[in-house]
Structure formats: structure tokens, C-alpha cells
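In what follows, a structure is listed as C-alpha cells, so that the remarks can point back to it.
The values are calculated or read from the model by the stated rules, or taken from the named source; none is laboratory data. If you're wondering where the values come from, they're calculated on a predicted model, not measured in any experiment. Neighbour counts are summed over all protein chains in view; Cβ atoms, including those assigned to glycine, are modelled from backbone coordinates with ideal geometry. Side chains are part of the model used for accessible areas, which takes the heavy atoms of the whole protein and leaves out ligands, DNA and RNA. Shrake-Rupley method; radii C 1.70, N 1.55, O 1.52, S 1.80 Å.
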Amino acid sequence: MVAPAELVEIASEAELRELLGEPIPRAVTKERVRLHEIDREWLAAAPFCLVATADRDGNCDVSPKGDPPGFTLVLDDTTIAIPERPGNRRADGFRNILANPHVGLVYLIPGRGETLRINGRARLVREAPFFDQMVVKGHRPILALVVEIEQIFFHCAKAFMRSALWRPESWHPEALPPQAQIVKRVQKTEESLEELERYYGAEYARRLYQS
């Protein structure tokens with residue numbers, strides 16, 4: 001553990017700017033408030049996004065959302081909808097939205113270093129005519145996250161380049177134990193390891209759209 005006396009904290013925006021410098025003009029002017037045609041193309045190609053939320057006290061959560069490319073539906077130039085599929089039912093992010101509607105989204109396309117970032121205000125919708133356009137493998141979404149866009153821009157590829165995220169030769173999934181073993185090690189659970197291995201085995205993928 002690092003002793004507090006060893007930490008040199010930044011306490012003001014002025015101090016932060018002194019350390020980082022000012023952003024280049026292109027970084028400042030890239031913000032938009034409406035979807036451009038290229039944004040629509042990006043959303044149509046994206047199979048994955050991260051949804052950041054916070055409750056009214058500022059406690060944060062980031063949840064992954066994924067489906068076939070184009071799973072995010074564009075309703076108009078300032079509104080998008082993200083379908084919700086069966087999950088673990090914790091609903092951390094959704095409970096945050098009920099208390100604080102502000103959300104931040106990051107859309108990824110495999111192999112691309114750039115990301116599309118959207119910030120706005122969200123609502124939870126339990127039924128709407130556009131749910132019929134969100135059917136996957138015969139399953140309608142449980143609900144949808146409807147986001148009114150307030151800010152949208154593309155983020156540069158440096159983080160992906162530094163991490164070599166999309167380079168298969170850098171991947172080492174075997175560095176960590178399988179999920180069933182992780183769950184057994186970090187959680188108190190009544191299931192045996194064998195039961196957890198069956199749960200996270202071949203049937204896991206077949207249950208992706210089942211309630």
C-alpha cells in the first residue's frame with residue numbers, strides 16, 4: 001500500500017492544465033450535437049458499446065452491451081435506442097439512470113482503434129413500436145435504453161495502439177483461469193465447480209436470448 005504522503009495529487013484544473021497543456025484546436029472543435037451520416041454508418045457497423053452511468057451521489061458503473069452489428073437503433077438525428085437482453089438482473093446501470101439520467105457511451109468496432117463517444121440523457125422504455133426492429137433470433141428486447149444525444153465525437157486510436165488490443169499475437173486468454181474457477185474463488189456460491197463449469201459451458205451461448 002502506498003502511503004498518502006507519497007502521493008502528489010492534482011488539486012485544480014489550472015494545475016492539471018499546467019501538467020497536460022492545452023488541447024489542440026481539432027480536439028476542441030470535434031464535438032457535435034447531432035448525428036452525422038458517418039455516425040450512423042459507425043453505429044450500423046458496431047456490435048459493442050460501453051454504457052457509463054452514475055447514481056445521484058456520483059457512484060459510477062460501466063456496463064457492456066453487445067449484439068449483432070447495428071444493434072443500436074437510430075430513431076432520429078438526436079436520439080438512439082439500445083436494446084436490453086436477458087442478463088444477470090442486477091440492473092446497476094438502469095437503477096442509476098432512474099436516479100440520474102446522464103449517460104456516456106463508447107462504441108467499438110473490432111479491428112478499429114477509433115471509437116465513437118456519445119454523451120446524453122437516457123430513459124428506460126419497456127415497450128415501443130420500434131421494438132419490432134430490435135428482434136434477434138426471434139426475441140424482442142426486454143426494454144430499451146433511449147438516449148437523447150447532447151454530445152458526440154470520435155476518439156483517437158492511441159489507447160488501442162498502445163495496448164495492442166486488436167493484435168491476436170498479443171492475446172493471452174490462458175493467463176487467467178476459466179470463468180467457473182474465478183467465480184468459485186471470489187464468490188460464496190452453493191454450486192460446485194463442476195456445476196459452474198456446466199453453467200459456463202456450451203449451454204451458456206445457447207441461453208443468450210432466453211429469459
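Within the range 136-145, restricting attention to residues that are in a strand (DSSP E or B) and out of contact with any helix residue (DSSP H, G or I) (no Cβ under 9 Å at 6 or more places or on another chain), the residue that is nearest to S211 (Cα to Cα) is H139.
Per-residue answers, yes or no, for (1) charged (D, E, K, R); (2) touching a strand residue (DSSP E or B) at 6+ places or on another chain (Cβ under 6 Å); (3) within 26 Å of R85 (Cβ to Cβ):
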{"site": "R140", "(1), (2), (3)": "yes, no, yes"}
{"site": "L145", "(1), (2), (3)": "no, yes, yes"}
{"site": "C156", "(1), (2), (3)": "no, no, no"}
{"site": "W166", "(1), (2), (3)": "no, no, yes"}
{"site": "W171", "(1), (2), (3)": "no, no, yes"}
{"site": "P177", "(1), (2), (3)": "no, no, no"}
{"site": "Q181", "(1), (2), (3)": "no, no, yes"}
{"site": "K188", "(1), (2), (3)": "yes, no, no"}
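Determine, yes or no, whether R117 is under 14 Å from the mean Cα position of the chain (by Cα), at pLDDT 95 or above and not hydroxyl-bearing (S, T, Y). Taking the combined requirement at face value, the residue satisfies it. Might you let me know whether the range 78-92 holds any residue that is modelled with pLDDT of 95 or more, touching a Lys or Arg at 6+ places or on another chain (Cβ under 9 Å) and over 26 Å from Y209 (Cβ atoms)? Yes: one or more hits. Quick one: S163 ticks every box in (1) touching a residue at least 12 places away in the same chain (Cβ under 8 Å); (2) more than 20 Å from L208 (Cβ to Cβ); (3) surrounded by fewer than 17 Cβ atoms within 10 Å (Cβ to Cβ) except a single one, so which number is it? Among (1) touching a residue at least 12 places away in the same chain (Cβ under 8 Å); (2) more than 20 Å from L208 (Cβ to Cβ); (3) surrounded by fewer than 17 Cβ atoms within 10 Å (Cβ to Cβ), S163 violates only (1). None of R85, R95 is touching a residue at least 12 places away in the same chain (Cβ under 8 Å) and open to solvent by 60 Å² or more (accessible area, probe 1.4 Å) except R95. When the range 176-211 is filtered for residues that are among the aliphatic types (A, V, I, L, M) and open to solvent by 80 Å² or more (accessible area, probe 1.4 Å), the ones remaining, listed by number, are L176, V186, L208.
Residue count for the range 166-202 under the criterion of being in contact (Cβ under 8 Å) with a residue 12 or more places away in the chain and in a helix (DSSP H, G or I): the result is 9.
With the requirement that a residue be crowded, with 20+ Cβ neighbours inside 10 Å and not aliphatic (A, V, I, L, M), what does the range 98-131 give you?
Answer for the range 98-131, where residues must be crowded, with 20+ Cβ neighbours inside 10 Å and not aliphatic (A, V, I, L, M): Y107, T115, G120.
When only residues in the range 1-58 that are open to solvent by 60 Å² or more (accessible area, probe 1.4 Å) and in contact with a Phe, Trp or Tyr (Cβ under 6 Å, 6 or more places away or on another chain) count, which is nearest to L105 (Cα to Cα)? Result: E31.
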